[in-house]
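See below for the structure under consideration.
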Amino acid sequence: MSILEEMNPVQQEAVKHVDGPLLILAGAGSGKTRVLTHRVAWLISECGVNPWNILAITFTNKAAGEMRERVDRIVDFGAEDVWVSTFHSMCVRILRRYIDRLGYERSFTIYDTDDQKTVIKEVCRQLEIDTKIYKERSLLAAISSAKEELLSPEAYEKQAAGNYQQNRVASVYRAYQARMKSNNALDFDDLLVKTVELFEQHPDVLEYYQERFKYIMVDEYQDTNTVQFRLVSLLAARYRNICVVGDDDQSIYKFRGANIHNILDFEKTYPEAKVIRLEQNYRSTQNILAAANGVIRNNTERKAKTLWTENEEGDKVRLEQCQSEQEEALSVARDIARNISAGKGQYKDYAVLYRTNAQSRVLEEKLIMLNIPYRVIGGVNFYQRKEIKDILGYLKTIGNGRDDVAVARIINVPKRGIGAASIAKADDYAQNLGINLYESLRMADGIPGLNKAAAARISAFVNLIEVFRAKADYLSLSDLFDNILEETGYLAELTAEHTDEAQTRIENLDELRNKIVSYEKSESEPTLSGLLEQIALVAEVDSLDDSDNKVLLMTLHSAKGLEFPNVYICGMEDGLFPGYLSITSDDPSDLEEERRLCYVGFTRAMKTLKLSAAASRMQHGNIQRAKLSRFVREIPEELLDTAAPAAARPSIGASRINRPSMKTNAGRFNVSYFVPKGNQIVSGELEYGVGDTVRHVKFGTGKVLDIKKGGKDYEVTVQFERFGVKKMFAGFAKLKKA
DNA sequence: AATGCGATGCCTTAT
DNA sequence: GCATCGCATT
């Protein structure tokens, strides 16, 4: 029986459990994805379950895709009928169909955190709330956690009774929600909350989905929050065929409302539940696992379990203590370069993990220096860039005219002489009539206090949008995109600028176009709302591609659910990891969450794990000193290898360093003759001169206009064919004579 | 109306 | 160290 092949007895038991609630406690690397996919296959081929009746909720879209693919490989047909998606995508799908029952239009838009901030700002201005005292950030956090707990604005108000501050927050929450509705927009939390509302207020809809999803599976159950729990409970209430998989030791999303009791109390919610523990780890070496166990056993709030493995003992966990984050990053980069040139795997077998996104910068710098291809996951999002948000603003306006945030964003971009004063007048008018901003713009002539010329400019804008709307009916999305860039003059304005920055923006827009095209190719029925949805909900980890041979940089959070042969964890310092707030918190569970994060990090590693720390590091613009992380001290000493490799410790002022890759891989590491000396870069002879054509890894080819000797380095001015004139230091730019 | 400058405040983590 | 914001300047 192929489905059960190569599975251990416990895994088989989990796969074969068909009816009734099932809790699978799956330790890291215990093959839970395997169990989940095989269970889906089992239901379909062995139990005759209609694939249509199966719902599998995963944590990321990537995991969803993988699961579908793997099921597809095992079963003969029907895999495409299984609903595999994340909580958020599932909710959007349901809401697109039924949200009109809640008084929204089905063309609703999804607001990201930036859009939310804009709404909060407006709301605060209206309510005359000082955002110096009530920070937008914390207001949003309060609203978000209220939603996660399914507290409506009304309920929040009641709870706040008598508390002045809470009352203020309640009024912001109420106004925010009203504004969102008027904009026909939902934020991330709303997607879940509104689906629960839909189910609770419309039993016929709930019943439809209960009948539809007779078998439900939820992955990463330890990270579900209260709304998600409610959602799952509602769907599973009828057939109670619910299978959840999780590991309480890997619960790392308490900060966004995850309730660890959802998994700890599963047996209370479903007394008839069967519990299966997967404790054999197939991923990591004994040493890595022992180190992870050594750390996690210091937590008190956990279900006792011991992860074991039949894998080899493996290398010890390496630890390197550096002077600064610069030295740390350089050491990591060198280590990777050395290993690769020694034939130990490819770039994509290496991942560098850290606690905060800000740490990625130094690492990037050093990887570039050593010519190591890498990819950063997360951090500053592509979709947060101005030019991208602008064009998306047009698309949103075309799709949902009630999206005031989008309309306000683009009404004067590019400049059309519609200034803040005119917009304010239109906005007042809209408020008074209780209509949306765009609707008021359509009646520009009637807006009080607006002069003829301004009204005419507004009408021209409305006309522009209306033409786009008409075109949207017959143009493809990519054609519509081109049309917007063209007709608005957005592209022309950028092109006319002739600056490097404008050039980069054009490149970014090009990239956006690529994404639109690939969306069109991947969907059988591409729609504008579908595109915007994908942009809002698809995380960067989702697009990870195994064929992309690059070192991966990401936060420990993003790494959840992934595995790599070789893992580096940087910044193992008290105050950074565990974070300062968790150390000083009077709630000890905050520190425990950090410890679980550490456990998650360690268990991502298959073969080797290297930890590093810096004695001092630049944080918020000033140098902070820190002690070695307490988590490192929790690792049994005999598992640690603290001897730093010789080459990682260059004496200050050394003029030459060990460069093992130079001779064996001549040409590939063409910047290796730049030797770090303190913060300075010392260069050898340049292989190019003024007038030569050179090649830059990112900017392509160009002509050298000038070379100036500045301090210890050369400042090279290059006229690139596609990116214009750039000045760069020879020590950092990877220029090669072409 | 648009730009540019200096002060400010801020750091987890992410769909 | 970086981005955002308010204010002053043209």
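Rule-based calculations on the coordinates, nothing more; no lab input. What you are looking at is a predicted structure, and each value in this text was computed from that prediction instead of being measured. Ideal geometry is used to build each Cβ from the backbone, glycine not excepted, and the neighbour counts take in all protein chains shown.
If r is the Cβ-Cβ distance from A:GLN384 to A:SER324 and R0 is 22 Å, what FRET efficiency results, to the nearest 0.05? Plugging the Cβ-Cβ distance into 1/(1 + (r/R0)^6) gives 0.15.
Less than 5 angstrom separates the built amide H of A:VAL352 from those of A:LEU552, A:LEU553, A:MET554, A:TYR568, all sequence-distant by 5 or more or on a different chain.
Based only on other Cβ atoms within 10 Å, what is the fewest-to-most ordering of A:TYR438, A:TYR239?
Values: A:TYR438 22, A:TYR239 16.
With the sparsest Cβ surroundings first, the list reads A:TYR239, A:TYR438.
Does segment A:186-284 classify as rounded, prolate or oblate by the C-alpha gyration tensor (a ≥ b ≥ c root eigenvalues; a/c under 1.5 gives rounded; else a/b over b/c gives prolate, otherwise oblate)?
Because a/c hits 1.5 or more and a/b fails to exceed b/c, segment A:186-284 counts as oblate.
The phi-based Karplus calculation (6.51 cos²θ - 1.76 cosθ + 1.60; θ = phi - 60°) puts the 3J(HN,Hα) values of segment A:365-380 at 3, 6, 5, 4, 4, 9, 6, 9, x, 9, 9, 9, 9, x, x, 5 Hz, whole numbers, x for Gly and Pro.
Rank-order A:192-199, A:134-141 by packing density, defined as the average count of other C-beta atoms within 10 Å over each peptide's residues, highest first.
Those peptides, ordered most packed to least, come out A:192-199, A:134-141.
Residue by residue, segment A:465-472 carries 3J(HN,Hα) couplings of 5, 4, 5, 4, 4, 4, 5, 4 Hz when phi is fed to the Karplus relation 6.51 cos²θ - 1.76 cosθ + 1.60 (θ = phi - 60°); x denotes Gly or Pro.
For the pair A:THR306 and A:HIS620, label points projected 7 Å from Cα toward Cβ lie 4.4 nm apart. The three principal axes of the C-alpha atoms in chain A carry coordinate ranges of 75, 73, 58 Å, sorted with the longest axis first.
Taking the inverse of the mean reciprocal distance over all distinct Cα pairs, the Kirkwood hydrodynamic radius of segment A:512-650 comes to 18.3 Å.
What the phi angles of segment A:538-555 give under the Karplus curve with 6.51, -1.76 and 1.60, with θ = phi - 60°, is a coupling list of 8, 7, 6, 4, 4, 8, 4, 10, 5, 7, 7, 8, 9, 5, 9, 10, 7, 6 Hz, glycine and proline written as x. Put simply, when A:472-481, A:571-580 are sorted by average Cβ atoms within 10 angstrom per residue, most first, you get A:571-580, A:472-481.
Among beta bridges from DSSP that stay inside chain A, the antiparallel ones total about 40%.
For segment A:1-92, what does the equivalent ellipsoid look like in terms of its semi-axes, each the square root of 5 times an eigenvalue of the Cα gyration tensor, given largest first in whole Å?
On the way: eigenvalues 76, 52, 32 Å².
One finds semi-axes of 19, 16, 13 Å for segment A:1-92.
Ranking of A:LEU532, A:LEU581, A:LEU609 by neighbouring Cβ atoms within 10 Å, starting from the fewest: A:LEU581, A:LEU532, A:LEU609.
Once the piece of chain linking A:ASP72 and A:ASP545 is laid out straight, how much longer is it, given 0.36 nm per residue of separation minus the C-alpha distance between them? Display every interim value, and only then the final one.
Details: separation 473, 0.36 × 473 = 170.28 nm, distance 1.89 nm.
Length difference between fully extended and current span is 168.4 nm.
What is the diffusion coefficient of segment A:42-176 in µm²/s, taking the Kirkwood radius over Cα pairs and the Stokes-Einstein relation at 4 °C with a viscosity of 1.567 mPa s? Intermediate results must be reported in sequence, preceding the final value.
Values: Rh = 18.1 Å.
Estimated diffusion coefficient is 71 µm²/s.
Using R0 = 22 Å, the C-beta based FRET efficiency linking A:THR269 and A:GLN201 works out to 0.45.
If you average the sequence gap of Cα pairs under 8 Å that are 6 or more apart and divide by the length of chain A, what percent do you get for the contact order? Numbers along the way, then the final one.
Working: 1192 pairs, mean separation 113.7, N = 738.
The value is 15 percent.
For segment A:491-611, the residue among A:LEU512, A:LEU562, A:PRO588 whose Cα projects farthest onto the positive side of the dipole built from Cβ charges is A:LEU562.
Let's see if you can work this out: charge +1 on each Lys and Arg Cβ, -1 on each Asp and Glu Cβ, no other charges. What is the dipole magnitude of chain A about its Cα centre, in debye to the nearest 20? Write out the running numbers ahead of the final one.
Numbers: 99 positive and 105 negative charges, 417 e Å.
So the dipole magnitude of chain A works out to roughly 2000 debye.
Between the residues A:CYS322, A:TYR221, A:TYR208, the greatest Cα displacement towards the positive end of the dipole of chain A, with unit charges on the Cβ of Lys, Arg, Asp and Glu, is found for A:CYS322. The slack between A:THR356 and A:LYS16, meaning 0.36 nm per residue of separation minus the straight C-alpha distance, is 118.3 nm. For segment A:403-553, what does the alpha-carbon gyration tensor say about shape, rounded, prolate or oblate, given a ≥ b ≥ c as the root eigenvalues, a/c under 1.5 as rounded, and a/b over b/c as prolate? Note, shape of segment A:403-553 comes out prolate. Classify segment A:460-534 from the C-alpha gyration tensor, please: rounded if a/c falls under 1.5, else prolate or oblate depending on whether a/b exceeds b/c. Oblate, since a/c reaches 1.5 and b/c is not below a/b. The helix-only estimate of mean residue ellipticity at 222 nm for chain A, built from DSSP H runs of length n ≥ 4 each weighted as -39500 (n - 2.57), is -13500 deg cm²/dmol after division by the residue total. Over the C-alpha trace of segment A:304-395, radius of gyration and Dmax come out as 18.3, 57 angstrom. Considered as an equivalent ellipsoid built on the Cα gyration tensor, segment A:534-607 has semi-axes of 27, 16, 10 Å, the largest given first. Extending 7 Å from the Cα toward the beta-carbon at both A:GLU154 and A:ARG212 defines two label points whose distance is 2.8 nm.
Label separation (A:ASP473 vs A:PHE255): 4.8 nm, computed from points 7 Å beyond Cα along the C-beta direction.
Please work out how much length the chain gains when fully extended from A:GLU80 to A:ARG137, using 0.36 nm per residue of separation minus the C-alpha to C-alpha distance, in nm with one decimal.
On the way: separation 57, 0.36 × 57 = 20.52 nm, distance 4.07 nm.
Net length gain for the segment: 16.5 nm.
What separates the Cα centres of segment A:597-620 and segment A:8-75 is a distance of 32 Å.
Taking amide H positions as modeled 1.01 Å from N, with prolines and chain starts lacking one, the residues under 5 Å from A:MET618 and 5 or more places away or on another chain are A:GLU325, A:GLN624. Less than 5 angstrom separates the built amide H of A:MET572 from those of A:SER612, A:ALA613, A:ALA614, all sequence-distant by 5 or more or on a different chain.
Going highest first, how would you order A:426-434, A:598-606 by mean Cβ packing within 10 Å? Walk me through the numbers on the way to the answer.
Numbers: A:426-434: 15.8, A:598-606: 26.4.
Descending packing order for the listed peptides: A:598-606, A:426-434.
Simple rule: put +1 on each Lys or Arg Cβ and -1 on each Asp or Glu Cβ in segment A:102-166, find the dipole, and look at A:ILE120, A:PHE108, A:LEU150; the Cα lying farthest toward the positive end is A:ILE120.
Based only on other Cβ atoms within 10 Å, what is the fewest-to-most ordering of A:ARG630, A:ARG402, A:ARG416?
Ordered by Cβ neighbours within 10 Å, fewest first: A:ARG416, A:ARG630, A:ARG402.
Here the convex hull built on the C-alpha positions of segment A:364-479 has a volume of 147 cubic angstrom per residue.
FRET efficiency for the pair A:ARG277 and A:ASN514, taken as 1/(1 + (r/R0)^6) with r the Cβ-Cβ distance and R0 = 60 Å, rounds to 0.85.
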